[in-house]
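The values are calculated or read from the model by the stated rules, or taken from the named source; none is laboratory data. Just so we're clear, the structure is a prediction, and the values are computed from it rather than from any experiment. Glycine also receives a Cβ, built like all others from the backbone with ideal geometry; neighbour counts cover every protein chain displayed. These accessible areas exclude ligands, DNA and RNA; they are computed on the full protein's heavy atoms, side chains included. Shrake-Rupley method; radii C 1.70, N 1.55, O 1.52, S 1.80 Å.
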Amino acid sequence: MEVIFQLKGSKHEESRHSVEAFNKLRSFELQKLPSLTRVWETGSSQPMLTGSSFGNLKSLRVYYCNQLKYLFSSSIVKLLVSIEGIEVLKCEQMEEIIAAEETDEIITLPKVKSIKLGSLPKLKVFLW
């Protein structure tokens with residue numbers, strides 16, 4: 001598996017239902033996915049993503065995903081308004097937690113209470 005959430009494509013109706021399901025997620029854990037390269041993949045236009053997409057996600061844990069180079073894009077992290085805990089461990093290729101994108105926006109995680117990062121030998125930056 002290379003991508004967990006594929007938020008693009010021509011089937012707008014199918015994508016809309018998928019995003020509605022994402023709104024119900026409270027906790028999400030990824031473990032031992034050696035081929036995973038992206039958690040979220042978005043298209044150039046994202047009409048189905050709204051401020052409430054992933055709005056109830058409180059906890060994200062990622063372990064042993066050795067091909068993953070970044071966890072979030074700045075466009076996705078803006079949707080994680082309720083995230084309280086982030087844990088990323090033993091991801092050998094992880095370079096950034098939030099991928100650098102050309103933007104003047106300030107990225108905040110207002111409800112985060114804990115961040116645990118460990119065994120990330122290629123990590124350069126948390127936030128660009």
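Considering only residues that are of a type outside the set (A, V, I, L, M) and closer than 14 Å to residue 63 by Cβ, which ones fall in region 86-126? If the condition is that a residue be of a type outside the set (A, V, I, L, M) and closer than 14 Å to residue 63 by Cβ, then 87, 90, 91, 92, 93, 116, 118, 119 are the ones that fit. Residue 91 satisfies every condition listed in (1) open to solvent by 20 Å² or more (accessible area, probe 1.4 Å); (2) more than 20 Å from residue 110 (Cα to Cα) except (1).
One line per residue, one yes/no per condition, for (1) touching a strand residue (DSSP E or B) at 6+ places or on another chain (Cβ under 8 Å); (2) more than 24 Å from residue 22 (Cα to Cα):
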position	(1), (2)
76	yes, no
83	yes, no
98	yes, no
101	no, no
107	yes, no
113	yes, no
119	yes, yes
122	no, yes
126	yes, yes
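Consider region 97-124 and keep the residues that are closer than 16 Å to residue 70 by Cβ and among the basic types (Lys, Arg). The one that is least open to solvent (accessible area, probe 1.4 Å) is 122. The set of residues in region 24-45 being crowded, with 16+ Cβ neighbours inside 10 Å and either part of a strand (DSSP E or B) or modelled with pLDDT under 85 (or both) consists of 28, 30, 38, 39, 40, 41, 42. The single condition from (1) of a type in the set (A, V, I, L, M, F, W, C); (2) assigned to a loop (DSSP other than H, G, I, E, B); (3) modelled with pLDDT of 75 or more that residue 48 fails is (3).
Within region 68-88, count every residue that is assigned to a loop (DSSP other than H, G, I, E, B), open to solvent by 40 Å² or more (accessible area, probe 1.4 Å) and within 17 Å of residue 37 (Cβ to Cβ).
Going through region 68-88 one residue at a time, the tally reaches 1.
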